[in-house]
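See structure below.
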Amino acid sequence: MPAQTMEQLVSLSKRRGFIFPGSAIYGGLQGTYDYGPLGVELKNNLKLAWWRANVWEREDVEGLDAAILMNKLTWKYSGHEETFVDPMVDCRACKMRWRADQIAGKCPNCGSADLTEPRPFNLMFKTQVGPVPDPDSFSYLRPETAQGIFVNFKHVLDATSRKLPFGIAQIGKAFRNEITPRNFIFRVREFEQMEIEFFVRPGEDEAWHRRWVEDRTAWWRSVGLDGQNLVAYHQKPEELAHYAKATVDLLYRFPHGLEELEGIANRTDYDLGSHSKDQGSLGLTARVSPNAHSTEKLTWFDPDAKKHVVPFVIEPSGGVDRGVLAVLAEAYAEEQVKPPPAERLAPAAEALQAFLKSVGRNEKLPQAAKEAILAEGERIAQAPGERLASVAGLLSLPGADTIEVAKKLRGQVDPLVDEFYRTVLHFKPRIAPIKVAVLPLKKNQPEIVETARRIRRELQGAAAMRTVYDDTGAIGKLYRRQDEIGTPFCVTVDFDTIGQGKDPALAGTVTVRDRDTMAQERVPVKELETWLREKLR
């Protein structure tokens, strides 16, 4: 079962080096996160899988990496200066600010209904350009990657001699000054997008829109998302953006609810038309603002019709960070390896109840922190035999470490979790941050250690598999650690490997353990690379 609470993912991400709060040693900066050693590997693997599927494996898409800073006129004619706004309200009681369309007339922080009238707030970050402050010398950090593709349309078309239909793909940073960043990395102020602008003949747009919805749904399933957790939502006419003829949102069941993972929009000829000169001569279907500054007509010459046309655009646009969150949530599982004896489980369950009572009586905890701790604790208490492994996440919630009985609870639970439970990330192998971990059975046996290190070097080098060596604990603990970070296979080098075991037939072989089944198999070292390649496909 995927992650049930965001706290499970936040705890695991920080503990194992996937994602850290940004600028944490200075109190953090709301809406910013840093990807740690495992997080950057996971993120890069997801981006590579997207690039491979949409650029390398297709014959109709080119790549691009446009600048983050663009001429400010880009954002005037794209419509962002005028329309890229959210309604903002202030709470007069606690001074917090909120998006008016995301609260039900009351402040989520203090419950007061004494709110200001909503007012528009532009989400773009403005920045000074050049060394001399000047009211006109400014630009914006791009709020989306799409506009860099549109203004480069003619460059790519001329450089590649493409014919319609064709697309331009880009992965890159974008920035939005969100009023209320929330839900971990789901809504943040600095994020990455994976976008394609696919250019088609007018009249062929609806068929291509349907094809892209199908293709993008299939791709998300290919990287591990369960089809039951993906929902295609067709926006109603009154919900569409000003540029859209139709939009389908791919929604995912995140721990905090069903929300957008990717949007596939039919943007008609709005974008290329908006950035073109001599718009009146182009036969545009979209309503655009007059452009007095562009130096180009962003058209394609149709050799059959013998005229220039402004292509329609189909845009599949997904968030990298939301994708990381989705594959983490989908892969997450807390599993009971074997049932703990009732006489050992009972003291842990009692310690949990005592902890929750202490939290309920605590008057120093902020209300929001108290409610989060109690909600997660009560979820665990409903089925402690199944959910005991979640206590580590519970105790990592803000404020939990200030509860006096927290240490006692940890002392009761940790030995049981180590022996009877495991947390595991069931990543698809190609997405997993680490593909193989090589473990020596005895770290003080030089021949075992050298053999293990040599195997790691060979797999990481010639085989190009992300492989790590680990000797920082007993073999059982090492298995659990690799389960928790989603490593598909562990390779154990033991005395049999170096020919010093009881069975001479096992010389030159290693034990390979499967993450998902925990089954173990002896594999000859000479065949290990081939064996792993087959399994990691």
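Quick note: the coordinates plus some simple rules give every number you see, no bench work behind them. What you are looking at is a predicted structure, and each value in this text was computed from that prediction instead of being measured. Positions of Cβ are backbone-derived with ideal geometry, glycine not excepted, and every protein chain shown enters the neighbour counts.
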* To do: With only Lys, Arg, Asp and Glu charged, each at its Cβ (+1 for the first two, -1 for the last two), find how big the charge dipole of the range 436-535 is about the Cα centre; round to the nearest 20 debye.
  => 240
* To do: Name the residue farthest towards the positive end of the dipole of the chain from the options LEU374, ALA265, PHE175, assuming +1 on Cβ of Lys and Arg, -1 on Cβ of Asp and Glu, about the Cα centre.
  => LEU374
* Determine, at each q value in 0.24 (inverse angstroms), the log₁₀ of I(q)/I(0) that the Debye formula gives when each Cα of the range 436-535 is one equal point scatterer. => -1.44
* **Degrees between helix 205-222 axis and first principal axis of the chain (Cα, 0 to 90, nearest 10)** => 10
* Asked: When the helix-only estimate is applied to the chain (DSSP H runs of n ≥ 4, each -39,500 (n - 2.57), divided by the residue count), what is the mean residue ellipticity at 222 nm, nearest 500 deg cm²/dmol?
  -> -10000 deg cm²/dmol
* FRET E, pair ALA346, LYS442, Förster distance 45 Å, beta-carbon r, rounded to 0.05 -> 0.75
* Structure fact -> By the mean-Cβ-within-10 Å protection proxy, highest first, 430-436, 89-95 rank as 430-436, 89-95
* Given the pairs LYS76/LYS277; LYS477/LYS535; LYS338/LYS535; LYS72/LYS277; LYS43/LYS245, which are separated by over 20 angstrom at their Cα positions? -> LYS477/LYS535; LYS338/LYS535; LYS43/LYS245
* Sites ASP414 and VAL337, calculated FRET efficiency, Cβ-Cβ separation with R0 22 Å, nearest 0.05 -> 0.90
* **Flagged links, alpha-carbon separation over 31 Å, of LYS47/LYS297; LYS163/LYS435; LYS95/LYS364; LYS443/LYS502; LYS236/LYS428** => LYS47/LYS297; LYS163/LYS435; LYS236/LYS428
* **Among VAL310, THR402, VAL324 the positive-end extreme of the charge dipole of the chain (Cβ point charges)** => THR402
* Asked: Once both labels are modelled 7 Å past Cα along the beta-carbon direction, what's the ARG201-ALA474 spacing in nm?
  -> 7.1
* Got a sec to turn the phi values of the range 481-488 into Karplus ³J(HN,Hα) couplings, 6.51 cos²θ - 1.76 cosθ + 1.60 with θ = phi - 60°, whole Hz, x for Gly and Pro? -> 5, 5, 4, 5, 9, x, 5, x
* Within 10 Å, count the other beta carbons around each residue, average over each peptide in 460-468, 140-148, and list them highest first. => 140-148, 460-468
* Asked: How far is helix 406-420 tilted, in degrees, relative to the longest principal axis of the Cα atoms in the chain, given as a value from 0 to 90 rounded to the nearest 10?
  -> 80
* Which part of the range 329-366 falls in the paramagnetic zone of MET518, meaning amide N under 12 Å from the point 7 Å along Cα-to-beta-carbon? -> 335-340
* Structure fact -> Taking alpha-carbon centroids only, the range 140-172 lies from the range 245-262 a number of Å equal to 25
* **In order through the range 65-78: 3J(HN,Hα) via Karplus (6.51 cos²θ - 1.76 cosθ + 1.60), integer Hz, x for Gly, Pro** => 9, 8, 5, 6, 8, 9, 3, 4, 5, 3, 7, 5, 7, 6
* What is the packing order of peptides 297-303, 486-492, taking the mean over residues of other C-beta atoms within 10 Å and listing the highest first? -> 486-492, 297-303
* Asked: Can you put GLU197, GLU343 in order, fewest other beta carbons within 10 Å first?
  -> GLU343, GLU197
* Considering the chain, which cysteines have no disulfide-compatible partner, defined as another cysteine with its Cβ under 4.7 Å away? -> CYS490
* **Cβ-derived FRET efficiency at R0 30 Å, ASP65 paired with ALA462, nearest 0.05** => 0.50
* Could you work out how far helix 446-460 tilts from the main Cα principal axis of the chain, as a 0 to 90 degree angle to the nearest 10? => 20
* Reported label for calculated Cα Rg over 2.2 N^0.38 Å given (1) 1.13; (2) 1.07; (3) 1.32 -> (1)
* Structure fact -> quick shape note, the range 337-425: Cα extents on principal axes in Å, largest first -> 38, 29, 20
